[in-house]
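The structure under discussion appears below in the form of structure tokens.
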Amino acid sequence: MKPKTIEHEPQRNLFRPELIDIVDPKHELVLLADRIDWEACEAYFGELHKSGPGRPPLPTRMMVGLHLIKHMEKLSDEASVKRWLDSPYVQYFCGEQYFQHEVPMDPTSMTRFRKRIGEEGAEQLLKLSIDAGLKTGT
């Protein structure tokens, strides 16, 4: 089963401001989010999911984004998920359109994602972060 994707509403909601209208466009996570090739991430990591019974996988961008945040800020899985809940910048980085007030996952989902992607996937995450760093000059 392929991972869910974060669906963006085509029409703006008058009662919910979009994250792009709230965040500072010069913030480092906004700039980084705009420079990462998320479609390549979806293609690479989406292929690692096996079909079968059970809950559908969480969106690839969310999982990759949380792992990048985890390593950039030297956080635990639990702290990464808490950071996602507290920060509109992290939510924007992970592909959300609107600010979410509930955590969409349990921190153990991050462990399962790491097991699923294995060593090759971890190397791909490292390559992704290096490529993004080179593009941004950081």
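Assorted remarks:
- Single residue of 96, 119 found to be over 12 Å from residue 64 (Cα atoms) and open to solvent by 80 Å² or more (accessible area, probe 1.4 Å): 119
- Some residue of region 20-32 being surrounded by 12 or more Cβ atoms within 10 Å (Cβ to Cβ), at pLDDT 70 or above and in a loop (DSSP other than H, G, I, E, B): yes
- Test: residue in region 60-72 that is touching a helix residue (DSSP H, G or I) at 6+ places or on another chain (Cβ under 6 Å) and farther than 19 Å from residue 130 by Cα: no
- Cβ-Cβ distances below 7 Å connect the following pairs, each with a first residue in region 60-72 that is open to solvent by 10 Å² or more (accessible area, probe 1.4 Å) and in a helix (DSSP H, G or I), a second residue that is small (Gly, Ala, Ser) and at pLDDT 90 or above, and a separation of six or more residues or different chains: 61/95; 70/80.
- Residue within region 103-113 that is surrounded by 17 or more Cβ atoms within 10 Å (Cβ to Cβ) and touching a Lys or Arg at 6+ places or on another chain (Cβ under 9 Å) present: yes
The values are calculated or read from the model by the stated rules, or taken from the named source; none is laboratory data. Everything numeric here is computed off the predicted structure, so don't read it as measured data. Using ideal geometry, Cβ is built from the backbone for each residue, glycine included, and neighbour counts are taken over all protein chains shown. Each accessible area value is taken on the protein alone, full model and side chains, heavy atoms only, with ligands, DNA and RNA left out. Shrake-Rupley method; radii C 1.70, N 1.55, O 1.52, S 1.80 Å.
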